[in-house]
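**Student:** Have a look at this one before I ask anything.
Nothing in this text is a laboratory measurement; each read-out follows from the coordinates by a stated rule. Quick caveat, the model's predicted, so the values are computed rather than measured. Cβ placement follows ideal geometry from the backbone for every residue including glycine, while neighbour counts extend to all protein chains displayed.
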Amino acid sequence: MKYLRHEFTTRTNQHVKVTFQEPVGVLVMNDKNFDRYKNGMSCTYFGGHQEVSPFRINVNRGKWHVVIDVENKDPKAINPTIKVIDPTLEYTPPIFNELDAILNRDGDDED
């Protein structure tokens, strides 16, 4: 399983915006469900397969993980960015982009 992941904390009234260049799986989940996901177990998440960028979601205040399932794609071709949008700020810098992504490889891939 190949995925990009970013962990972040949101405050009240913030939402998450994920952009990408190719259709991809975008999963937003809490710690417990991320642990289940990375161990290949069933988990609960928001999102799923996304064809159209950007993907936006309102989340509760707390700690979250955005997982981008790269499937069999080159992460550079996906070129994802993740922003936590705070409507009280004029500018929100990206908190994640493909240049600082960590590609996680679980199992024995032969890519």
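**Student:** Counting pairs of alpha carbon atoms under 8 Å apart in space and at least six apart in sequence, what relative contact order in percent does the range 1-49 give?
**Tutor:** Contact order relative to length: 35 percent.
**Student:** Applying the Karplus parametrisation 6.51 cos²θ - 1.76 cosθ + 1.60 with θ = phi - 60° to the phi angles of the range 7-12, what ³J(HN,Hα) value in whole Hz is obtained for each residue in order, glycine and proline being reported as x?
**Tutor:** 9, 7, 10, 10, 10, 4
**Student:** Which ³J(HN,Hα) values, rounded to whole Hz and listed in residue order, are derived for the range 44-58 from phi using the Karplus coefficients 6.51, -1.76 and 1.60 in 6.51 cos²θ - 1.76 cosθ + 1.60 with θ = phi - 60°, glycine and proline given as x?
**Tutor:** 10, 8, 9, x, x, 5, 10, 9, 10, 9, x, 9, 10, 8, 8
**Student:** For the range 1-81, which GluC sites (Glu not before Pro) pass both filters: DSSP loop (anything but H, G, I, E, B) and at most 12 other C-beta atoms within 10 Å?
**Tutor:** On the way: sites: Glu7, Glu51, Glu71; in loops: Glu51, Glu71.
Filter output for the range 1-81: Glu51.
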